[in-house]
Structure formats: C-alpha cells, structure tokens
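Taken together, the values in this text are just the output of simple stated rules run on the coordinates, not laboratory data. Bear in mind the structure is a predicted one, so any value in this text is a computation, not a measurement. Glycine also receives a Cβ, built like all others from the backbone with ideal geometry; neighbour counts cover every protein chain displayed.
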C-alpha cells in the first residue's frame, strides 16, 4: 500500500497530466496544479522542486498510459490485420472518455514541446519510438505468420498509421467533429484489407 506521501505525489502527477494535456505547458501554472491536486503550496515543493519537474513526470506518466492502452488493444486481437485495426481504433477512444482528457498526449506534447522544451520533446520521441516499434513488430510477426505479404515495410506502415490517425484526430478536435478521424480510420481499414495475401 502506498504511503500518504506517495499517494500525494501520485495525485499531483495525475492531476498535472490532465491539466498539461488539456492546457499545455505554457497554459498551466503552478497555482493551477496546486488547486487541481488539492495541496498546499508548500506541500507541492516537498515532492517536486519546480513546474518543470512536475511536467516531466506528468508527461512521462500520460505517455506511458497511452502506450499501455495501445498495447492492451493489440493484445486483444490475434491476427496482424486485426491488431493494426485495433491500433487505429484506439484513437477513437481518445475522442470518447479516456483516462486522460484532452486528446492524444503524443500529439499534444509534441506540439507543445516543439523546439522550446528539449526534455519534453525527448520524452515524446521515446514514446513515439515505442509506438512505432509496436506497429513494426506487428508487421514483422504478420509476415512471419504469412498473414501479411513479405513486401510490406513495417516502418512505412507505422509512419502512415501514426501520421494519418494523429492528423485526423487533430482535425476532429479542431472542428469538434469525429467525422475526420472516422474517415481516416475507414481509409486505413480498407487499405489493411488489401494486405491480406
């Protein structure tokens, strides 16, 4: 059982992750974090030395949750084609009630960090690398099991899937309309069907 201090730290990280994913780094103040976590100003500094330290831990936490959710979606399917489709469908969960509001943390942190926050940019690069590796592994296994044709390139599939779904999710968030993500996923689903040997 976590100690009271560990529970407080977890609450700070969780609440900060929500704020940062919705408002971004610049749009989230220490006062916002203190209020959301329900902690005294002095108490927060017992756990974190700065807003930057909180942001790193919160972003690490939310990115890991996203990767865990995608892995869980993949594990629920047997064939490579269905696993690729499950990855796509996981993006729809981000428009619905997800564990962390605000859309995809990979996209949000990547845009937020850009060239202004190298530590956050590094974190999102690492998470994206895990995401790409997962898709590449699906393709590799699918080829080994003769579920996918040998000419398929896992890196290309990963690039197409991630960029298409992230871009469509951005449009859906921008226009408050899920149709953009549905269109992108429908297109990818049809494409995956053509890969059946």
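One table, with the values for the structure above:
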| read-out | value |
| --- | --- |
| Structure-based [θ]222 nm, the chain - -39500 (n - 2.57) summed over DSSP H runs of at least 4, per residue, nearest 500 | -24500 deg cm²/dmol |
| With Cα atoms, 0 to 90° folded angle of helix 154-175 axis to the chain main axis | 60 |
| Percent RCO, i.e. relative contact order, over the stretch 37-195, from Cα pairs under 8 Å lying at least 6 residues apart | 24 |
| Residue among 187, 14, 140 with the largest mean-square fluctuation in a Gaussian network model of the chain, springs linking Cα atoms under 10 Å | 187 |
| Per principal axis, descending, Cα span of the stretch 1-54 in whole Å | 33, 21, 18 |
| The chain: Cα Rg divided by the 2.2 N^0.38 Å rule of thumb | 1.13 |
| Enclosed volume per residue, in Å³, of the convex hull spanned by Cα atoms of the stretch 151-197 | 44 |
| Helix axis angle, 80-95 relative to the chain longest principal axis, alpha carbon, degrees | 40 |
| Distance in nm between pseudo-label sites at residue 4 and residue 32 (7 Å out along the Cβ direction from Cα) | 3.0 |
| Using alpha-carbon coordinates, inclination of helix 179-193 to the longest axis of the chain, degrees | 40 |
| Spin-label pair residue 144/residue 50, simplified geometry with 7 Å Cα→Cβ offset, distance in nm | 4.4 |
| Extension reserve of the residue 116-residue 77 stretch, reckoned as 0.36 nm per residue once the Cα distance is removed | 10.1 nm |
| Normalised contact order of the stretch 90-175, rounded percent, pairs of Cα under 8 Å and 6 or more residues apart | 30 |
| Distance in nm between pseudo-label sites at residue 99 and residue 40 (7 Å out along the Cβ direction from Cα) | 3.2 |
